[in-house]
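Peer 1: Quick one: the structure is below, questions incoming.
The values are calculated or read from the model by the stated rules, or taken from the named source; none is laboratory data. Small disclaimer: the values here were computed from a predicted structure and weren't measured. With ideal geometry, Cβ positions are generated from the backbone for all residues, glycine too; neighbour counts draw on all protein chains shown.
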Amino acid sequence: MTLKFGFIGVGNIGMVMAKSILAAGIPLTVYDKNRSALEEIAAAGAVCMRSCREVMATSDAVISMVRDIPQTQEVLFGKEGLWEEAKAGRIIILASTLGGNYVRKIYRKGKEKGIKVIDVGVTKNIPTNEIGQFTLTVSGDEDAIEKCWPVFAAMGRKIFRAGKSGNGQNYKLINNMVAFNLGTLLHECLNVGLKAGLDLKMMLDVMQEGTGASWMANSLRQRLDVPGLPQRFTVSNAMPRKFINKDQELAMELAEQVGAQIPLAKLIAQIDEEKVYDAYIKYLRRH
């Protein structure tokens, strides 16, 4: 049986995920509070609904890709949310970064109602948002995952079966914890180089060809070269984005829950980069 799929939350990443599904020839019903986002996804072939509840009413499986736990709570349990409309046998796929503990609570709540809950960690290793190029860590009941595999295959360049509920989230948290910490270290090193009179782009070029290579360094480097990416470094587009900071907080909560020591992550979390890495920040503001 071919499932009917729905999608909630077509923001920056959700839009590309939804377009990836549509590009694979899979019909999709969609809801987002942003009217212009709905117009864009409708132009790509989606059928737009007036609420989360309406999406659930017309779908066998619904993907939620909103900002955080409060927004997810609204999507699931709000006045026009998914939950009351979801019947036994339906599938809800949580793709926002929410942490393993939260999604396991929803998974157990779904079991009581006969609803399958899958969680998906969504990341990528390229600086642009391209169709079908995400890396997915998928966890939950295998039978539900198999039923939804066509949408995962449409969105994912690489898909990992992550095991029990919550693991998909936690794999992403560990990945983003590395990215966030490396990002701060990168800014520190670039700050030293700038103070020594070195050229920013050449520093990044040398890193790419040497032992300092990393996704974070290459992403910054490509902002100077890749068509469609911002050609100017600014404080907003060359520093870790706010949602990564949220992910870092969730990762640190995970460390506390499992009793893992994270002295470096705690130190990095306390750094005010705009004050400490003055030469790097001045460079960003000049260009």
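Peer 1: For residues that are among the β-branched types (Val, Ile, Thr), more than 30 Å from residue 104 (Cα to Cα) and in contact with a Leu (Cβ under 9 Å, 6 or more places away or on another chain), tally how many sit in region 170-205. Before you say what the answer is, go through the steps one by one.
Peer 2: Taking region 170-205 first, the residues among the β-branched types (Val, Ile, Thr) are 174, 178, 184, 192.
This time we only want the ones that are more than 30 Å from residue 104 (Cα to Cα), so: 184, 192.
Remaining after also requiring in contact with a Leu (Cβ under 9 Å, 6 or more places away or on another chain): 192.
Residues that pass the stated criteria total 1.
Peer 1: Could you run through region 70-86 and say how many residues are touching a Phe, Trp or Tyr at 6+ places or on another chain (Cβ under 6 Å) and either closer than 17 Å to residue 120 by Cα or not assigned by TED's automatic domain parsing to the domain that holds residue 100 (or both)?
Peer 2: 1
Peer 1: A further question follows. Give the residue that is surrounded by the most Cβ atoms within 10 Å (Cβ to Cβ), with candidates limited to residues of region 13-69 that are touching a Pro at 6+ places or on another chain (Cβ under 9 Å) and not in a strand (DSSP E or B).
Peer 2: Step one: filter region 13-69 for residues touching a Pro at 6+ places or on another chain (Cβ under 9 Å), giving 21, 24, 26, 45-47.
Checking the rest, the ones that are also not in a strand (DSSP E or B) come to 21, 24, 26, 45-46.
On the way: 21: 26, 24: 15, 26: 17, 45: 15, 46: 22.
For region 13-69, the residue satisfying everything is 21.
Peer 1: Another question about this same structure. State which residue pairs qualify: first residue at pLDDT below 95 and inside region 30-41, second residue crowded, with 16+ Cβ neighbours inside 10 Å in any location, beta carbons under 7 Å apart, and separation of 6 or more residues or different chains.
Peer 2: Short answer, once both residue conditions are applied: none.
Peer 1: Could you please find all residues in region 149-192 being within 22 Å of residue 204 (Cα to Cα) and either of a type in the set (A, V, I, L, M, F, W, C) or touching a Lys or Arg at 6+ places or on another chain (Cβ under 8 Å) (or both)?
Peer 2: Within region 149-192, 177, 178, 179, 180, 182, 185, 186, 189, 190, 192 qualify.
Peer 1: Moving to a separate point now. Give region 87-101 a look and list any residue that's surrounded by 14 or more Cβ atoms within 10 Å (Cβ to Cβ) and either basic (Lys, Arg) or not assigned by TED's automatic domain parsing to the domain that holds residue 60 (or both), or say none.
Peer 2: Hit for region 87-101 is 90, nothing else.
Peer 1: If you take the residues of region 233-263 that are exposed (fewer than 12 other Cβ atoms within 10 Å of the Cβ) and within 25 Å of residue 192 (Cβ to Cβ), which of them is modelled with the lowest pLDDT?
Peer 2: Once the filter is applied, the top-ranked residue is 236.
Peer 1: So which residues in region 125-137 are surrounded by fewer than 24 Cβ atoms within 10 Å (Cβ to Cβ) and touching a residue at least 12 places away in the same chain (Cβ under 8 Å)?
Peer 2: The answer is 125, 127, 128, 129, 130, 131, 132, 133, 135.
Peer 1: Can I ask one more? Condition first: over 25 Å from residue 250 (Cβ atoms), in contact with a Lys or Arg (Cβ under 6 Å, 6 or more places away or on another chain) and without any contact (Cβ under 8 Å) to a residue 60 or more places away in the chain. Can you find one or more residues in region 1-9 that meet it?
Peer 2: Scanning region 1-9, I find no residue that is over 25 Å from residue 250 (Cβ atoms), in contact with a Lys or Arg (Cβ under 6 Å, 6 or more places away or on another chain) and without any contact (Cβ under 8 Å) to a residue 60 or more places away in the chain, so the answer is no.
Peer 1: With the condition kept exactly as written, say whether any residue in region 71-79 is within 21 Å of residue 134 (Cβ to Cβ), within 21 Å of the chain's Cα centre (by Cα) and part of a loop (DSSP other than H, G, I, E, B).
Peer 2: No, there is no match, as no residue in region 71-79 is within 21 Å of residue 134 (Cβ to Cβ), within 21 Å of the chain's Cα centre (by Cα) and part of a loop (DSSP other than H, G, I, E, B).
Peer 1: Any residue that is of a type in the set (A, V, I, L, M, F, W, C) and either surrounded by fewer than 19 Cβ atoms within 10 Å (Cβ to Cβ) or outside any helix (DSSP H, G or I) (or both) - is there at least one of those in region 102-111?
Peer 2: Kept after step one, since they are of a type in the set (A, V, I, L, M, F, W, C), are these residues of region 102-111: 103, 106.
With the extra rule that they be either surrounded by fewer than 19 Cβ atoms within 10 Å (Cβ to Cβ) or outside any helix (DSSP H, G or I) (or both), the set shrinks to none.
Taking every residue of region 102-111 in turn, none turns out to be of a type in the set (A, V, I, L, M, F, W, C) and either surrounded by fewer than 19 Cβ atoms within 10 Å (Cβ to Cβ) or outside any helix (DSSP H, G or I) (or both).
Peer 1: Another question about this same structure. Considering each residue of region 3-12, count those that are surrounded by fewer than 23 Cβ atoms within 10 Å (Cβ to Cβ) and in contact with a strand residue (DSSP E or B) (Cβ under 8 Å, 6 or more places away or on another chain), and give that number.
Peer 2: Going through region 3-12 one residue at a time, the tally reaches 2.
Peer 1: Out of everything in region 156-191 that is of a type in the set (Val, Ile, Thr) and in contact (Cβ under 8 Å) with a residue 60 or more places away in the chain, what residue ends up being nearest to residue 135 (Cα to Cα)?
Peer 2: Residues of region 156-191 that are of a type in the set (Val, Ile, Thr), as a first pass: 159, 174, 178, 184.
Narrowing the set further to residues that are in contact (Cβ under 8 Å) with a residue 60 or more places away in the chain leaves 174, 184.
On the way: 174: 14, 184: 23 Å.
Across region 156-191, the extreme among qualifying residues is 174.
Peer 1: Which of the residues that make up region 138-192 are within 16 Å of residue 61 (Cβ to Cβ), over 20 Å from the mean Cα position of the chain (by Cα) and buried (at least 16 other Cβ atoms within 10 Å of the Cβ)?
Peer 2: 141, 144, 147
Peer 1: Tell me the residue from 153, 217 that is farther than 30 Å from residue 28 by Cα and either part of a helix (DSSP H, G or I) or in contact (Cβ under 8 Å) with a residue 40 or more places away in the chain (or both), please. First the steps, then the outcome.
Peer 2: Values: 153 fails: farther than 30 Å from residue 28 by Cα.
Residue meeting the stated conditions: 217.
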